[in-house]
1. Find which of LEU143, GLY42, LEU336 sits farthest along the positive direction of the dipole of the chain, computed with +1 on the beta-carbon of Lys and Arg, -1 on that of Asp and Glu, about the Cα centre.
2. Assign unit charges at the C-beta atoms only (+1 for Lys and Arg, -1 for Asp and Glu), then state the dipole size of the chain relative to its Cα centre in Debye, rounded to the nearest 20.
3. Can you pull out the GluC sites (Glu not before Pro) in region 139-220 whose DSSP state is coil and whose Cβ has at most 14 other Cβ atoms within 10 Å?
4. Working out 0.36 nm times the residue gap between ASP55 and LEU357, then minus their Cα-Cα distance, what length gain in nm do you get to one decimal?
5. In sequence order, what are the phi-derived ³J(HN,Hα) couplings for region 67-82 according to the Karplus relation 6.51 cos²θ - 1.76 cosθ + 1.60 with θ = phi - 60°, rounded to whole Hz, with x for glycine and proline?
6. So what is the calculated 222 nm ellipticity per residue for the chain, using -39500 (n - 2.57) for each DSSP H run with n of 4 or more, over all residues, to the nearest 500 deg cm²/dmol?
7. Compute the acute angle (0 to 90°) between the alpha-carbon long axis of helix 212-226 and the principal axis of greatest extent of the alpha-carbon atoms of the chain; round to the nearest 10°.
8. Check the straight Cα-Cα distances from LYS210 and name the lysines below 18 Å, setting aside those fewer than 8 residues away within the same chain.
Amino acid sequence: MSIALIAHYLGPSLGIGKYLDRLLPPLVTELMARGVRVKILGSPNAIHHTRALQDLKDIVQPLPPLDYHPSQRFAWFATRFSGYCRSKELETVAWLSNPIILPWHPPTLAVLHDVNEWAEPAKYGSRLKTALRAAIYLDTSLLFAKKIIVISQATEQALWQYRSLPKLKSKLIVIPNGSDSPLVNLAPVEILAPKVPFLLSVGRIDPAAKCLPEAVALVSALRELSGQPWELHLLGGMNSSTQASGKAFLERIAHLPWVYYHGYVDDPTLAEWYRQATAVVFLSEREGFGFPIAEAASFGRWVIVSEKNQAARETGAMGAISVNPDRPQQAASIVLNRLPQEIADSPSRSIWREAALAYAEEICFLLDDRQKGWLF
């Protein structure tokens with residue numbers, strides 16, 4: 001029995017990169033223990049940025065078409081992927097990110113992280129471009145994947161609202177991401193953290209999707225209500241689709257002496273920022289999971305989330321402060337009242353080892369069905 005795990009993303013290692021880093025090592029270990037021959041097909045970009053892919057180099061095969069322009073990438077997978085799998089004796093496929101699945105491909109499992117990028121009509125510059133991307137990455141998966149994994153109940157709900165297809169019931173399963181973070185085990189390092197209270201924002205510099213202007217407004221309100229010199233510190237990179245808006249946002253806030261952008265940082269530095277933050281701010285309203293929420297919870301930090309963010313309830317609810325991002329004065333008052341309180345003990349949360357076991361089960365079901373001749 002053999003399977004290809006497809007792992008790719010473009011740009012810096014943000015949410016998908018962390019997902020691959022956390023899931024792949026225990027998943028590969030579990031599959032191999034079950035006698036499954038595993039090959040990882042990784043994009044050169046993902047291999048360069050993802051520690052897990054580097055550590056698993058003996059079973060990782062760089063696949064340059066994964067880094068092609070979207071139209072070229074789709075053309076390659078439409079015309080050559082099936083032959084590639086036959087030549088490598090790969091019986092099944094699991095797309096761990098950005099799936100492209102067509103009916104002549106091997107039996108396939110697809111992982112969907114969220115539907116945000118397709119639900120916004122002009123996300124990629126026009127309704128037509130966004131609709132085409134949705135057709136390539138989402139709709140082909142819903143139609144032709146043998147099994148679909150979504151990473152949270154929030155993603156499941158969003159998917160049903162966006163694409164309510166009767167066939168989904170028989171193939172859709174929720175496997176929550178782990179909320180444990182290895183960052184807490186990293187040794188302290190020196191950073192230029194402020195001596196005043198500050199909110200930490202971690203994630204892609206995407207002003208609209210991550211509600212970054214609202215985070216700036218919240219800190220401004222905190223400064224006004226408390227009389228203290230609160231600061232906002234932004235950590236994260238930019239991908240190609242949001243680079244223009246990200247740069248424009250940073251230019252608009254450049255005159256504010258209490259907002260600092262540090263760019264993308266390594267894991268030890270990120271861990272230290274979490275340790276020293278007064279609280280983490282993550283106001284995005286349509287996340288499938290939200291790694292900063294889980295990481296903040298691991299470090300025992302309050303995380304300020306949008307009251308519309310369903311994923312926060314799964315990821316780190318006990319340490320979440322829910323606010324309305326559109327009402328910064330009210331939000332600031334809520335934050336100032338909650339911060340002095342202790343975070344309640346969280347009930348047991350999903351861990352990455354458990355997620356890997358659940359993925360392995362679904363992959364083995366797929367392989368067993370193929371051997372029995374139930375999949376064509």
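Values quoted throughout were computed directly from the atomic coordinates according to the rules given, and no laboratory measurement underlies them. As the structure is a prediction and not an experimental result, all values here were calculated from the model. Cβ: placed from backbone, ideal geometry, glycine included. Neighbour counts: every protein chain shown.
1. The Cα lying farthest towards the positive end belongs to LEU143.
2. Details: 38 positive and 35 negative charges, 217 e Å.
Once rounded to the nearest 20, the dipole reads 1040 debye.
3. Values: sites: GLU156, GLU190, GLU214; in loops: GLU190.
When the GluC sites (Glu not before Pro) of region 139-220 are filtered for loop state and at most 14 Cβ neighbours within 10 Å, GLU190 remain.
4. On the way: separation 302, 0.36 × 302 = 108.72 nm, distance 1.99 nm.
Gain in length upon complete extension: 106.7 nm.
5. Karplus values, whole Hz, x for Gly and Pro: 9, 5, 3, x, 5, 5, 4, 4, 4, 5, 5, 6, 10, 10, 5, 4.
6. About -12000 deg cm²/dmol.
7. Long axis of 212-226 versus the principal axis of the chain: about 30 degrees.
8. LYS210 reaches LYS18, LYS123, LYS247, LYS308.
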